[in-house]
Amino acid sequence: MIHIKTPAEIEEFKVAGSLSKAVLRRAGRMVRPGVTTREIDQVVESFIRLHGAVPGFKGLYGFPASICASVNEEIVHGIPSERVLEDGDIISIDTGATTGGWVGDNAWTFFVGEPSREVKALCEVTLDCLKAGIQQAVPGNHIGDIGHAVQSLAERNGFGVVREYVGHGVGHVMHEDPNVPNFGKKGRGVKLQVGMVIAIEPMITLGSFKNHTLANGWTVVTNDGKPAAHYENTVAITKDGPVILTQDAEGPWCAFQGGE
Ligand code: MG
């Protein structure tokens, strides 16, 4: 069932969205060679609670942390650990805060030091895929228009589109209907209407999109061991077009480069 939000609810939602972006920026500022993903998670959890909010991910389906920290070949749902980030890595951080009854959800792939040129290109194209998907989030379009925009841009650049993990509606809980795949056909799927709020989140691979889950039951990795990138914003569909809810005073995007 799709929950339609009123304009007043969307205004309220912006508080959770703005804090979620601030959380993601806070995480990104810690990204540098030598830091562990657990250190980032601990700072993020404190930051969220300091702001009187609740981590959106911790405990969700039993997930043990406040961020998903997915490094290099890890696509999504990486568990923060003692893993030390190294120069040339990329790390996808997916996080959000729940406050005022609304859940923000956003993700960004940060550079650790200096990744290779092809990995940076993967990240830049994946961000462009997110932007292309958001552009399609207008009333009267269909879910398939978003997926088509993401998929065609990724594949035109020779990259893979993950099929098993998709965007989703967002509201009082992290995952609502409808699913928002990163692949699809124009004009197909649920019709988009004013008041829908969806997380658009392309997961794009340098090589094959084929993947599997590690023995920990969470971390999804590419079968070929090549890196993946992941960018996400929570977006409201309004009569004036898409409005990105996960934005703060600095806007809806982070910097590619981590480090503080
Ligand atoms: Mg999401």
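GLY207 falls short on exactly one of the conditions (1) away from the ligand (no atom under 16 Å from the Cβ); (2) touching a strand residue (DSSP E or B) at 6+ places or on another chain (Cβ under 6 Å), and that condition is (2). Could you tell me whether the range 162-181 includes any residue that is more than 16 Å from the ligand (Cβ to nearest atom), open to solvent by less than 60 Å² (accessible area, probe 1.4 Å) and not aromatic (Phe, Trp, Tyr)? Checked against the condition, which is being more than 16 Å from the ligand (Cβ to nearest atom), open to solvent by less than 60 Å² (accessible area, probe 1.4 Å) and not aromatic (Phe, Trp, Tyr), the range 162-181 yields no hits at all.
When GLY59, GLY28 are screened for being among the small types (Gly, Ala, Ser) and either crowded, with 24+ Cβ neighbours inside 10 Å or modelled with pLDDT of 95 or more (or both), only GLY28 passes.
Taking first residues from the range 215-230 that are in a loop (DSSP other than H, G, I, E, B) and at pLDDT 95 or above and partners that are surrounded by fewer than 21 Cβ atoms within 10 Å (Cβ to Cβ) and hydroxyl-bearing (Ser, Thr, Tyr), the Cβ contacts under 6 Å between residues at least 6 apart in sequence or on separate chains come to ASP224/SER208. Within the range 81-89, can one find any residue that is within 15 Å of the ligand (Cβ to nearest atom), of a type outside the set (Val, Ile, Thr) and either open to solvent by 10 Å² or more (accessible area, probe 1.4 Å) or part of a strand (DSSP E or B) (or both)? No, that holds for no residue.
Any residue at all in the range 124-138 that is more than 14 Å from the ligand (Cβ to nearest atom) and either among the hydroxyl-bearing types (Ser, Thr, Tyr) or over 25 Å from ALA236 (Cα atoms) (or both)? Yes, the range 124-138 contains at least one residue that is more than 14 Å from the ligand (Cβ to nearest atom) and either among the hydroxyl-bearing types (Ser, Thr, Tyr) or over 25 Å from ALA236 (Cα atoms) (or both).
The set of residues from the range 2-45 being in a helix (DSSP H, G or I) and either over 30 Å from ASP177 (Cα atoms) or of a type in the set (Lys, Arg) (or both) comprises LYS14, LYS21, ARG25, ARG26, ARG29, MET30, THR37, ARG38, GLU39, ILE40, GLN42, VAL43.
In the range 202-250, the residue that is nearest to GLY158 (Cα to Cα) out of those that are charged (D, E, K, R) and open to solvent by less than 50 Å² (accessible area, probe 1.4 Å) is GLU232. Restricting the search to the range 90-110, which residues are of a type in the set (Phe, Trp, Tyr) and either within 16 Å of the ligand (Cβ to nearest atom) or open to solvent by 10 Å² or more (accessible area, probe 1.4 Å) (or both)? Of everything in the range 90-110, those that are of a type in the set (Phe, Trp, Tyr) and either within 16 Å of the ligand (Cβ to nearest atom) or open to solvent by 10 Å² or more (accessible area, probe 1.4 Å) (or both) turn out to be TRP102, TRP108.
The values are calculated or read from the model by the stated rules, or taken from the named source; none is laboratory data. Note that the structure is a prediction, hence the values are computed from the model and not measured. Note that each Cβ is placed from the backbone with ideal geometry, even for glycine, and that neighbours are counted across all protein chains shown. Quick note on the areas: whole protein, heavy atoms, side chains included, nothing else; ligands and nucleic acids left out. Shrake-Rupley method; radii C 1.70, N 1.55, O 1.52, S 1.80 Å.
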